[in-house]
Amino acid sequence: MKVSLLLAWLFALGASSPHCVSTAFHWGVNGHPNVQEGYCEVPIETQLDLAVQLGARWYRCDWDQARLERQPGVYDRLVAEAARRGIRILPIILPSTSCRSEVTLEEIRAASFEFARGLAEHYRGKITHWELDNELDGLTMVRKGETCRDGVLWQWGDPDGDKPEHYEETRYQKAKAELLGLYEGVKAAAPEAVTIIDTGGWLHYGFFERLLREDGVPFDVLGWHWYSEMGDITKVRGNFNLLEHLRGYGKPIWFTEINRREGSLGGKEQEQADYLSGAARQWRGSPGVEAFFVYELLDEPYFGTENPESHYGLVEVVKGPDGRWRVRRKKEAFQALRAVIAESEDSKASG
């Protein structure tokens with residue numbers, strides 16, 4: 001681990017240098033190719049063509065280690081097909097021996113390092129950005145009946161997440177070990193690659209207070225997730241400008257998940273479209289904000305009609321005569337967001 005610690009220190013020195021990130025605005029969409037039923041049956045070419053039609057040039061998706069090891073060629077094909085269309089893949093990398101494992105901190109860090117190094121080495125020059133796991137703030141948050149690190153017994157529901165004490169010590173240390181291993185592994189194979197750490201949104205910046213200000217965990221881009229019930233990010237609970245607070249961490253901000261909560265559930269297609277287009281127009285010109293990734297490309301009706309996860313998509317799918325899922329139509333949100341992206345591109349061209 002001494003070598004890994006040295007690597008972490010060296011890379012941390014360069015993590016904030018200007019060449020690490022782009023100042024261009026990035027439009028993206030989430031999906032689950034090779035993972036969820038519908039995404040496995042709708043051809044990857046169709047998914048990527050839809051992203052092109054939307055105007056998105058990024059496709060964010062989960063890269064689980066066990067699945068990668070079973071089907072490595074599937075991910076090679078995804079990256080190759082994306083490149084042919086001018087789309088960049090943003091993998092969320094999920095090691096098998098992670099902070100969710102019942103193993104030591106050293107084992108978590110070492111396994112995460114090897115997993116990330118292998119990926120970054122294999123895809124160097126093809127994948128430039130790596131998101132290190134997903135929403136670990138939620139996993140590490142203190143729960144009712146647990147003791148905070150300051151000795152307070154937490155006796156309530158979910159904490160706000162705005163204080164470092166809102167994260168349970170054992171789970172936080174495991175998450176930190178994983179994130180360090182993933183970062184070090186990526187940078188060992190591709191020092192120029194950009195790393196992202198995210199949270200599930202709300203006021204969970206206490207997670208970054210610990211990672212950045214207390215522990216100096218290195219990474220390049222601050223990822224954030226935001227859904228409609230969280231409110232206006234510049235006026236949270238009436239007067240708190242969360243976006244301004246996030247800028248204070250000194251890193252580019254990428255919104256790697258955003259949508260109306262429950263998507264279009266209950267026939268709320270227009271509401272979904274209005275929320276996404278409004279947020280896109282608000283954030284595309286916000287200082288420090290460099291990316292907007294809608295969650296997600298395809299509906300997932302196999303989760304059930306009352307399950308919100310079934311309705312987050314920009315595109316509706318339906319079972320075909322062969323019993324396989326296929327694209328049925330683009331929803332209102334697709335058209336609305338495409339219009340905003342086109343406005344943004346026209347503005348950039350004229351400027």
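The values are calculated or read from the model by the stated rules, or taken from the named source; none is laboratory data. All of these numbers come straight from a predicted model, not from anything done at the bench. Every residue, glycine as well, gets a Cβ built from its backbone with ideal geometry; the counts of neighbours run over all protein chains shown. For the accessible areas, the whole protein counts, side chains as well, though only heavy atoms, and no ligand, DNA or RNA atoms are used. Shrake-Rupley method; radii C 1.70, N 1.55, O 1.52, S 1.80 Å.
Farthest toward the positive end of the dipole of the chain, out of Thr199, Ile341, Gly266, is the Cα of Ile341, where the dipole comes from beta carbon charges about the Cα centre. Using a Gaussian network model of the chain in which every pair of alpha carbons under 10 angstrom is joined by a spring, one finds that among Gly313, Gly73, Gly323 the greatest mean-square fluctuation is at Gly323. Each of Trp224, Trp283, Leu212 was placed along the dipole of the stretch 199-351 (beta-carbon charges, centred on the mean Cα), and the one lying farthest toward the positive end is Trp283. Per residue, the accessible area of the chain comes to 42 Å² when a 1.4 Å probe rolls over the protein heavy atoms.
Placing a label point 7 Å from the Cα of Glu345 along the Cα-to-Cβ line, the residues of the stretch 46-72 whose backbone N sits under 20 Å from it are 46-60. When only the Cβ of Lys, Arg, Asp and Glu is charged (+1, +1, -1, -1), the dipole of the stretch 148-255 relative to its Cα centre reaches about 120 debye. A Förster radius of 35 Å, combined with the Cβ-Cβ distance separating Tyr249 from Glu229, puts the computed FRET efficiency at roughly 0.90. Building the convex hull from the alpha-carbon atoms of the stretch 232-351 and averaging its projection over directions returns 9.5 nm².
Taking 27 Å as the limit for the C-alpha separation, the pairs Lys126/Lys319; Lys126/Lys163; Lys235/Lys268; Lys176/Lys235; Lys268/Lys319; Lys126/Lys331 exceed it in the case of Lys126/Lys319; Lys126/Lys163; Lys176/Lys235; Lys126/Lys331. Residues considered: Leu54, Leu297, Leu153. Largest GNM mean-square fluctuation over the chain, using C-alpha springs under 10 Å, is found at Leu153. Computed from the C-beta positions of Glu121 and Ala24 and an R0 of 30 Å, the FRET efficiency is 0.70 to the nearest 0.05. With the dipole of the chain worked out from charges on the C-beta (+1 for Lys and Arg, -1 for Asp and Glu) around the Cα centre, which of Gly161, Val29, Ser101 lies farthest toward the positive end? Going by the charge dipole, the pick is Val29. In this simple spin-label approximation, Asp160 and Lys144 carry label points 7 Å from Cα along the Cα→Cβ vector, and these lie 2.0 nm apart. Listed by chain and number, the aspartates and glutamates whose alpha-carbon sits under 13 Å from that of Lys330, ignoring those within fewer than 8 places in the same chain, are Asp49, Glu269, Glu296, Asp299, Glu316. Size estimate for the stretch 242-290 follows the Kirkwood approach: the inverse of mean 1/r over distinct Cα pairs works out to 12.1 Å.
Placing unit charges on the Cβ atoms only, positive for Lys and Arg and negative for Asp and Glu, gives the stretch 192-257 a dipole magnitude near 240 debye about its Cα centre. Give the angle, between 0 and 90 degrees and rounded to the nearest 10, that separates the Cα long axis of helix 269-283 from the longest principal axis of the Cα atoms of the chain. Between the helix axis and the principal axis of the chain, the angle is about 50 degrees. Considering the stretch 64-218 at the alpha-carbon level, its Rg and Dmax are found to be 16.8, 55 Å. Legend: calculated FRET efficiency, Arg326 to Val152, from the Cβ-Cβ distance at R0 = 41 Å, rounded to 0.05, equals 0.15. If you wrap the tightest convex hull around every Cα atom of the stretch 200-289 and split its volume per residue, you get 94 Å³. Here the ratio of the Cα radius of gyration of the stretch 133-262 to 2.2 N^0.38 Å is 1.07. In the assembled protein chains, Val35 presents an accessible area of approximately 50 Å² (probe radius 1.4 Å). Surface composition of the chain: carbon plus sulfur atoms contribute 51% of the solvent-accessible area (1.4 Å probe, protein chains only, all chains present). Potential lengthening of the chain between Arg281 and Glu192 amounts to 29.0 nm, from the contour at 0.36 nm per residue minus the alpha-carbon distance.
Of Asp49, Asp274, Asp215, which has the largest mean-square fluctuation in a 10 Å C-alpha GNM of the chain? Ranking Asp49, Asp274, Asp215 by mean-square fluctuation puts Asp215 first. The dipole here belongs to the stretch 60-162: it is taken about the Cα centre, uses +1 on the Cβ of Lys and Arg and -1 on the Cβ of Asp and Glu, and is about 680 debye. Distant-in-sequence amide contacts of Leu314, defined by a placed amide H-H separation under 5 Å and a gap of 5 or more residues or a different chain, comprise Glu296, Leu297, Leu298, Asp299. Percentage of Cα-Cα pair distances in the stretch 35-92 greater than 13 Å, rounded to whole percent? Considering the stretch 35-92, 61 percent of its Cα-Cα pairs are separated by more than 13 Å. Measure nothing but the geometry: give the 0 to 90° angle between the long axis through the Cα atoms of 105-122 and the longest principal axis through the Cα atoms of the chain, rounded to 10°. The helix 105-122 is inclined about 40 degrees to the chain. Near Trp224, the amide H atoms lying under 5 Å from its own belong to Thr199, Trp254, Phe255, Thr256, Glu257; only residues 5 or more places off or on other chains count, and H is placed 1.01 Å from N.
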